[in-house]
1. How large a share of the accessible area of the stretch 230-337, in percent, is made up of carbon and sulfur atoms when the probe is 1.4 Å and the other protein chains stay in place?
2. Please report the net charge: other residues with Cβ closer than 14 Å to the Cβ of GLU266, K and R +1, D and E -1.
3. How much net charge surrounds GLY33 when only other residues with a Cβ under 9 Å from its Cβ are counted (Lys, Arg +1; Asp, Glu -1)?
4. Which value, in Å² and to the nearest 10, is the accessible area of ASP330 when all protein chains are kept and the probe is 1.4 Å?
5. Based on the Cβ-Cβ distance from ALA254 to GLU28, what FRET efficiency comes out when R0 is 30 Å, to the nearest 0.05?
6. Probe 1.4 Å, all protein chains in place: accessible area of VAL304 in Å², nearest 10?
7. If you find the alpha carbon centre of the stretch 262-337 and of the stretch 38-82, how far apart are they in angstrom?
8. For ILE289 paired with ALA314, estimate the spin-label separation in nm (one decimal), with each label point 7 Å from Cα along the Cα-to-Cβ line.
Amino acid sequence: MAAVTAVAVGGGERGSPRREVDVAVLVERARGGEPRAVARLISLVEDASPALREVAAALSPHAGRARVIGLTGSPGVGKSTTTSAFVRSLRERGLRVGVLAVDPSSPFSGGALLGDRVRMQDHATDRDVFIRSMASRGHLGGLAWATPQAVRVLDAAGCDVVLVETVGVGQAEVEVASMADTTLVLLAPGMGDGIQAAKAGILEVADVFVVNKADRDGAEQTVRDLRYMLSLGGRHSAAGAWRPPILRTVASRAEGIEEVLAAVDEHADWLTRTGELDRRRRGRACAEIEAIALAALRDRIGDVHGSAALDAQAARVVAGETDPYTAADDLVATVTT
Ligand SMILES: Nc1nc2c(ncn2[C@@H]2O[C@H](COP(=O)(O)OP(=O)(O)OP(=O)(O)O)[C@@H](O)[C@H]2O)c(=O)[nH]1
Ligand SMILES: [Mg+2]
């Protein structure tokens, strides 16, 4: 039995006095599906609390089971409405579902966003649905770094599926897409999405395209625009490659939702059959390790800035005793040993 350590943290409720957190107990409770323990763990990873390392270590034996589905698209395209319809359908299949609504531009976090709270209230009392919104709060690495940890919490809590909703604002959607096994890109008629999609490299990240608000004029045009752009090539045109289907939905009336979930299932089969699932997950782990390692290095290099060691090297460069490359190598050696 591993020793149980308690770590003092600032608390998920900002401004509360420091208190002891027993990470092992929290993880046990989260695994039992206790919503408060799940929420607390997500707060710990989101706040980059001192307990983060311990949380990550405690979660790792219990993660890796959940299917991660990303939904992205422009503001107001219908991501939350679609997510809510997915939750309903997945619950009918008896699956436990986690939802992370990720807003890279918002400083607000913790509970669900107001609009989402309204759309998600159907599920508010369901013990097999965990809903959480996350915001960047401006810390280094931001969401790109906190979201996979939060996914891991939900995974360890026994969620069969984790839905990650991100507002599409360029790079962020690409980053979050890279966290998902299957990425859905939502568009709606008349939002100039087609052009935006091409710009943001969205064509490359989409596994399934959803043209939502198909009850509105212009849906057919959006589908045609997308088809045309896909015909221009890219990774989807290679032999044996997955060809992202384009589906129409009216999420507000739950129309087309089953078809989208069927396409997601088909994609999941393809991922497993081709070994792509492993490749994607390994790629994700690489990106995560790299980000953490670079942040650690940056921290240590930060300590060097303005230090006597740096000053001494600078003096040697000025005196012609060494060159800046050699000096930099020496400096890197001091922070990595
Ligand atoms: N006409 C129509 N309206 C829809 C449809 N789906 C969603 N809406 C409406 O579109 C608005 C935005 O929906 P949301 O689900 O909040 O969109 P979102 O993409 O999550 O928005 P953000 O999270 O703010 O980026 C709401 O008023 C929905 O009721 C649809 O299929 N047809
Ligand atoms: Mg939303």
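1. On the way: 4050 of 6960 Å².
Carbon and sulfur: 58 percent of the exposed surface of the stretch 230-337.
2. Values: positive: ARG67, ARG243, ARG273; negative: ASP181, ASP207, GLU258, GLU259, ASP265, ASP269, GLU276.
Cβ neighbours under 14 Å give a net charge of -4.
3. Values: positive: ARG29, ARG31, ARG96, ARG127; negative: GLU34, ASP128.
Once all neighbours under 9 Å are counted, the net charge is +2.
4. Its accessible surface works out to 60 Å², give or take rounding.
5. Values: r = 37 Å, r/R0 = 1.22.
For R0 = 30 Å, the calculated efficiency reads 0.25.
6. Taking all protein chains as shown, VAL304 has close to 20 Å².
7. About 23 Å separates the Cα centre of the stretch 262-337 from the one of the stretch 38-82.
8. Placing both labels 7 Å along Cα→Cβ, they lie 3.6 nm apart.
The values are calculated or read from the model by the stated rules, or taken from the named source; none is laboratory data. Note that the coordinates shown come from a computational prediction; the quantities given were computed from them, not determined experimentally. Note that we place each Cβ from the backbone using ideal geometry, even for glycine, and neighbour counts take in every protein chain shown. These accessible areas exclude ligands, DNA and RNA; they are computed on the full protein's heavy atoms, side chains included. Shrake-Rupley method; radii C 1.70, N 1.55, O 1.52, S 1.80 Å.
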